[in-house]
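Comments concern the structure below.
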Amino acid sequence: MFLFTSEGMLLGTMGKDPESATAVANAVGFPMMFLSGSFFPLEMMPGFLQVVAKGIPLTYMTSALRDTVLFGNNISALLNLLIVVALGTVLFVSGSRLMSWKEK
């Protein structure tokens, strides 16, 4: 939840009004669902899409859940969780620095 809230905060800084921020969030979120391995295994994707998928935060969350629930591999799940926490922290710091905190 922390990761995706931070990502939303960062994406919200890219829009001038709520409608454009929603469009940016949809433009990022919709492809993220399909490229993260949530619906299709990463191994079935072409090589260049696998590289893109490794840069998507949802990939690591999906891998952590899959490692825990399906395979019982807690070490790999913890590694993926650490990646998610690190990405969330970077996105949170970036979003909080870029966000305008003034009332309009």
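Read-outs throughout are calculated quantities, based only on the coordinates presented, and are distinct from any laboratory measurement. None of these values were measured; they are calculated from a predicted model. No Cβ is skipped: glycine too gets one built from the backbone with ideal geometry, and neighbour counts run over all protein chains shown.
Overview of results
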{"quantity": "Residue list for the stretch 1-42, given a label point 7 angstrom along the Cα-to-Cβ vector of Ser100 and an amide N cut-off under 16 Å", "calculated": "10-22"}
{"quantity": "Cα-derived Rg to Rh of the chain, Kirkwood definition", "calculated": "1.03"}
{"quantity": "Helix runs (DSSP H) in the chain reaching 30 Å along axis by Cα, Kyte-Doolittle at least -0.5", "calculated": "74-98"}
{"quantity": "Span from the the stretch 9-40 Cα centroid across to the the stretch 55-104 one, whole angstrom", "calculated": "16 Å"}
{"quantity": "Total charge dipole magnitude, the stretch 1-103, about the Cα centre, Cβ charges on Lys, Arg, Asp, Glu only, Debye to nearest 20", "calculated": "160 debye"}
